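Notes follow the structure.
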2 protein chains.
Amino acid sequence: MRFSQAFIPTLKETPAEAEVVSHQLMLRAGMIRKLASGVYTWLPLGLRTLRKVERIVREEMDAAGARELLMPGVQPAELWQESGRWEHYGRELLRFKDRHDHDFCLAPTHEEVITDLIRHEVRSYRDMPLNLYQFQTKFRDEVRPRFGVMRSREFIMKDGYSFDPDDESSAASYQAMHQAYSAIFKRLGLNFAVVEADSGAIGGSFSHEFMVLADTGEDAIASCSCGWAANFEKAQVAPPRGEAPQAAAEVVRVDTPGAHTVEEVAAFLKVSPAQVAKTLVYLADGKPVAAMVRGDRQLNEIKLKNLIGATALELAPASVIQEVSGGPVGFTGPVGLNIPVYADQELYAAEALVVGANQGDAHLTGVHLGRDVAGATKADLRIIEPGDPCPRCGKEPTFARGIEVGHIFRLGTKYSQAMGAEYLDAEGQSRPIIMGCYGIGVTRIVAAAIEQGHDDWGIIFPLAIAPYSVAVLPLAIDGEVMETATKLYDDLSAAGVDVLMDDRDLRPGVKFKDADLIGIPLRVVVGAKGLKEGAVELKHRLSGDVDMVPVAEAATRLAQMVRRGGGRSL
Amino acid sequence: MRFSQAFIPTLKETPAEAEVVSHQLMLRAGMIRKLASGVYTWLPLGLRTLRKVERIVREEMDAAGARELLMPGVQPAELWQESGRWEHYGRELLRFKDRHDHDFCLAPTHEEVITDLIRHEVRSYRDMPLNLYQFQTKFRDEVRPRFGVMRSREFIMKDGYSFDPDDESSAASYQAMHQAYSAIFKRLGLNFAVVEADSGAIGGSFSHEFMVLADTGEDAIASCSCGWAANFEKAQVAPPRGEAPQAAAEVVRVDTPGAHTVEEVAAFLKVSPAQVAKTLVYLADGKPVAAMVRGDRQLNEIKLKNLIGATALELAPASVIQEVSGGPVGFTGPVGLNIPVYADQELYAAEALVVGANQGDAHLTGVHLGRDVAGATKADLRIIEPGDPCPRCGKEPTFARGIEVGHIFRLGTKYSQAMGAEYLDAEGQSRPIIMGCYGIGVTRIVAAAIEQGHDDWGIIFPLAIAPYSVAVLPLAIDGEVMETATKLYDDLSAAGVDVLMDDRDLRPGVKFKDADLIGIPLRVVVGAKGLKEGAVELKHRLSGDVDMVPVAEAATRLAQMVRRGGGRSL
């Protein structure tokens, strides 16, 4: 492609609307433009990268035996009412009425539609295993869309669904997708981690997130050299080592006037915050429960929710706290509390703890959970922290930040039971189909790749998803320079390399800047000076390395580099 | 692909919901399934054909210098208010509010969004010509969706838009798209016609429809060996030959009791219906006008509307007819009528006509338009009919039926003026950008191809868009037969041929029926009997021709046939 004909409207200034670097660079590189809040147009350059991502995902899904189909974006309310999500999905589900006053929604996900398809098309265990996927434009009416295409309202997802007759087959389908996803992110040229994620009621290891590592990532993740990795907020915490100690002191009520926070109480009583236990009152599906963690730790609400098996979990209001504890907010403690108490396992490693006394300006000291709160449930309830050992091997994990770009999940029979998707087994028995679902945020991957790969000059794309693999920059647009550049451009194109030749009548500096900005991995400068030596200048965008290459060898050598780096013509 | 792994749920029975053959066959072949009225899921087999259509369109658009982008489906009301279409589009435009109570719509077309993009990105005449296109899911809330994906509510269009600084450049852009479209439909392997279409206020030859010819087509079209072709309802009618005759009789008022229709009046007065003139009263933008055609002809309302330059045209109610003519409905005539009269050119070839007398049960005879209705406007106002000469060369055109699958149209400055999309010309003057728009109904093409290509046994796809080019049918699924079939399957796949091997453990008859049903152009049967002679049976789906081909040559010969026929691996 010649730059003059490519419609790549680059910008010199960083638009004020963009907060994160990928959003800034995608606007500046002429990859996207905003139409409305969380709604973007993909310009030709951005679309090229999007299509390359899509192709790699498609090839690996096909290779894993999944079959592509295309489901509608506009969906009838009836199906969502059957699954129960019409009521429970919340306002991210955009609902509307058609001209005949029938209720519809704009799909944020496709479990209902695929389950409806399958209940009509799958009859026997012989029809499975089956794995179907699509690339589809989704809409989620986010309350606060932000970061460009990283968290937009309209976006493209690859969503796939597996259908199996039994747990063993379903586990194999899950495993095949785990492998396919790993192959996909490897081929995309991204540095990524696979982490255990919350799998809710299903449990076990049937939920993994695929995270592109980037310092700017929204999620913190922990990973260990033993292979264990998990989303920071969901990571299992290893139980404390050694035997739990006996009680070491009597329980004593002490006045703690003016001390509200853990730090204030600890300072007042001259103990460390680790010796203080926080007691938080929640409403779990409307019923009050208490949860305890050490004063210097953070409660992991997802763990608490899963432990209780609750659908909704929220902090209780002051009135409820007063009612169940008899004391004001900030002084709740487990002793004498008549609601279920869930205590983090680590608290049992303490001989004596400071807890709230369930009355204002007072705490109890010398509390030993085993002795004084015998009815409490001991569990892993806190968020992992630097210093915690790996829950699998005991070594110290490393912590990093990441952007979630894929999520695989075992659905079990949630939708097949709600919607009557059954099959006949070998004995002629009707059974619910076991489902899995597998998502990749295709548009998001483009932004994540840029969060991972950029410098002060612009984007650094991996070869596999760069909009063009090679930029040819003639320093003049006529004479021998342009002739040599054109020949190189033609030779590279003929060799199946995606090449962008900057034929614009502009100063070289502008061309250099644009090539760096839009992230082309390999740049060839053709200039009169080099040609005197029969050479062109080859620069690697990532390493910054510069080579002089004989003109006659340039096309062959570049084509080889592109092929080796996983670059393919769109 | 092995059939057992392909998810192609064929049906033996024709579903009752399907009225037209393409809809019936797409359901039976397992290409689509209905989700809601006018909303369909594309199953893997259908999606393969859709993607092949899409690829051919993309390649020809790129070759013509157009650049692909991707605009959003959800669009803010503000842009549609700027263009004026928020108010005027009617109920096909699906409108809704987002969670912040802002008005949005689901795009039926993208003129507003592309004009908004261009007014920000195009500044100078140097930025043009520019041609941008996309493949996009559109939604039109049709009052009565029907015929499967032929007239659905959610569908995929290729819509493109050109931007030019002047008329000459815009005409060249239009011409390039005309050529690209012709190349597209040729490569798709479809029998098609390009017809002049209504271009409304722009006039001239700046609107063409591309029609796939099929007996079941909704549109009638006329075409001539000289190259002229037009949509039946919009085709120009040649003026009558020879001089207009003088008046031959006096005007006489005659009673015509009980004669209401043209036929009744003609019979009563013993003249032919061609000697009677119908006078119809319309409201053009609310103002009454009269339009006249011969009694045996049909008025073309589009021609009348364009002639007047009216936005809305509808037949006047009885009260208006009574008021303007003084007589009841059915007896209106042009003599003495005090509203504008538009008369079809053909009426001026009559010496004497019978017309309504503007009073009940009475007509005038001996009317000569030139003498008796001097204020009338003479124009081409009727629909072309068999027997009419070609308006370009005078020979007799042929008539056929077709399905509209493409439409190219010069928009002029309609949107650029309404939305302020201007550029600076070489003199620094600000001018509105001249636009064109170019649509192809991608999903509709699949149905149109089937309307054109089918027989009693199923679909007959052209090689270029068949989901698979070759079907390999082993008559046994083990032993030498299956080994030979598998080798053939592997060799064809390696040669880049899309091949479907029916490895299902089913009777041969079922496999034959399915292969015919889903429209695979070439079928190879591998059976024990043929293998004794070292041959396999090759059958052409279209011609029905059967050849015995030596096993050793089969793959090479098939690959050659596929290549020659424009078949390519997806």
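The values are calculated or read from the model by the stated rules, or taken from the named source; none is laboratory data. Just so you know, these numbers come straight off a predicted model, no measurement behind them. As a convention, Cβ positions derive from the backbone with ideal geometry for all residues, glycine included, and neighbour counts pool all protein chains shown. Surface areas here come from the heavy atoms of the whole protein model, side chains and all, with no ligands, DNA or RNA. Shrake-Rupley method; radii C 1.70, N 1.55, O 1.52, S 1.80 Å.
Chymotrypsin sites (Phe, Trp or Tyr not before Pro), restricted to region A:166-260: which are DSSP loop and have at most 12 other Cβ atoms within 10 Å? When the chymotrypsin sites (Phe, Trp or Tyr not before Pro) of region A:166-260 are filtered for loop state and at most 12 Cβ neighbours within 10 Å, nothing remains.
Take the Cα of A:Asp478, step 7 Å toward its Cβ, do the same at A:Glu396, and the gap between the two points is 6.7 nm.
Inter-chain Cβ neighbour count for A:35-48, averaged per residue, equals 6 (cutoff 10 Å, partner chain atoms only).
Only helices enter the 222 nm calculation for chain A: every DSSP H run of n ≥ 4 contributes -39,500 (n - 2.57), and dividing by all residues gives -8500 deg cm²/dmol, rounded to 500. Shape class for region B:211-264: oblate, because the ratio a/c of the largest to smallest gyration tensor axis (alpha-carbon atoms, square roots of eigenvalues) is 1.5 or more and b/c is at least a/b.
No partner Cβ under 4.7 angstrom, meaning no disulfide-compatible partner by this rule: which Cys of chain B qualify? Taking the Cβ cut-off of 4.7 Å, the unpaired cysteines of chain B are B:Cys105, B:Cys437. Using 0.36 nm per residue and subtracting the Cα-Cα separation, the extra length available between A:Leu542 and A:Ser225 on full extension is 111.4 nm. Inter-part distance, region B:79-140 to region A:108-145, computed on C-alpha centroids, equals 29 Å. Buried between A and B is an accessible area of approximately 4400 Å², summed over both sides with a 1.4 Å probe. Among the residues of B:62-74, the average count of other protein chain beta-carbon atoms within 10 Å of the residue beta-carbon is 6.
Summary for A:Ala552: label point 7 Å along Cα→Cβ; distances to the equivalent points in the other copies, ascending, 4.4 nm. Across region A:479-516, the residues whose backbone nitrogen lies under 20 Å from the label position 7 Å along the beta-carbon direction of A:Thr14 are A:513-516. The angle between the Cα long axis of helix B:479-494 and the longest principal axis of the Cα atoms of chain B comes to about 60 degrees, rounded to the nearest 10.
Database remark: amide H of B:Ile518 closer than 5 angstrom to the amide H of B:Ile459 (H placed geometrically; neighbours at sequence offset of 5 or more, or on other chains; Pro and chain starts carry no H). 3J(HN,Hα) along region A:123-132, derived from phi through the Karplus expression 6.51 cos²θ - 1.76 cosθ + 1.60 where θ = phi - 60°, amounts to 10, 10, 4, 5, 7, 10, x, 9, 9, 10 Hz, with x in place of Gly and Pro. For A:His454, the residues whose modelled amide H falls within less than 5 Å of its own, excluding neighbours fewer than 5 places apart on the same chain, are A:Ile460.
Chain B residue nearest by beta-carbon to the axis mapping B to A, with distance in Å: B:Phe96, 2. The GluC sites (Glu not before Pro) of region A:519-570 meeting both criteria, a DSSP state outside H, G, I, E and B (loop) and at most 15 other C-beta atoms within 10 angstrom of the site's C-beta, are A:Glu533. Qualifying trypsin sites (Lys or Arg not before Pro) in region B:202-263, where qualification requires a DSSP coil assignment and no more than 13 other C-beta atoms within 10 Å, comprise B:Arg241.
Which lysines, if any, have their Cα less than 21 Å from the Cα of B:Lys97, not counting same-chain residues under 8 positions apart? Cross-link targets: A:Lys34, A:Lys97, A:Lys138, B:Lys138. Between A:Leu315 and A:Arg371, the C-beta separation translates, for a Förster distance of 30 Å, into a calculated FRET efficiency of about 0.60.
Taking each residue as 0.36 nm, the span from B:Arg55 to B:Trp457 lengthens on full extension beyond its C-alpha to C-alpha distance by 141.9 nm. The 3J(HN,Hα) values that the Karplus relation (6.51, -1.76, 1.60; θ = phi - 60°) gives for region B:443-456 are, in residue order, 5, 5, 4, 4, 5, 5, 4, 6, 4, 7, x, 6, 9, 4 Hz. Gly and Pro appear as x.
Taking a ≥ b ≥ c as the square roots of the eigenvalues of the Cα gyration tensor, an a/c ratio of 1.5 or more together with a/b no larger than b/c marks region B:38-81 as oblate. Evaluating 6.51 cos²θ - 1.76 cosθ + 1.60 at θ = phi - 60° for every residue in region B:317-332, the Karplus couplings come out as x, 3, 4, 5, 4, 4, 5, 7, 9, x, x, x, 4, x, 10, 6 Hz, glycine and proline recorded as x.
Shown for A:Gln322: label points 7 Å from Cα along the beta-carbon vector, and their distances to the equivalent points in the other copies, 7.8 nm in ascending order.
In this structure the amide hydrogen of A:Val536, modeled in the peptide plane, comes within under 5 Å of the amide hydrogens of A:Val549, A:Val551, none closer than 5 places in sequence on its chain. Packing-based ranking of B:22-29, B:487-494 yields B:22-29, B:487-494, ordered from highest to lowest mean Cβ neighbour count within 10 Å.
For region B:1-23 versus region A:1-31, the inter-centroid distance based on Cα atoms is 46 Å. For the peptide B:5-11, the mean number of other protein chain Cβ atoms found within 10 angstrom of a residue's Cβ is 3.
Classify the protein assembly as shown as rounded, prolate or oblate, taking a ≥ b ≥ c as the square roots of the eigenvalues of its Cα gyration tensor: rounded when a/c is under 1.5, otherwise prolate if a/b is larger than b/c and oblate if not. It comes out prolate by the Cα gyration axes.
Return the whole-Å distance between the Cα centroid of region A:513-570 and the Cα centroid of region B:481-541. Cα centroid to Cα centroid, the span is 48 Å.
Normalised by the number of residues in region A:460-570, the mean separation of alpha-carbon contacts (under 8 Å, six or more apart) gives a relative contact order of 35 percent. Ascending distances from the A:Val254 label point to its copies in the other chains, with the point 7 Å along the Cα-to-beta-carbon line: 12.3 nm.
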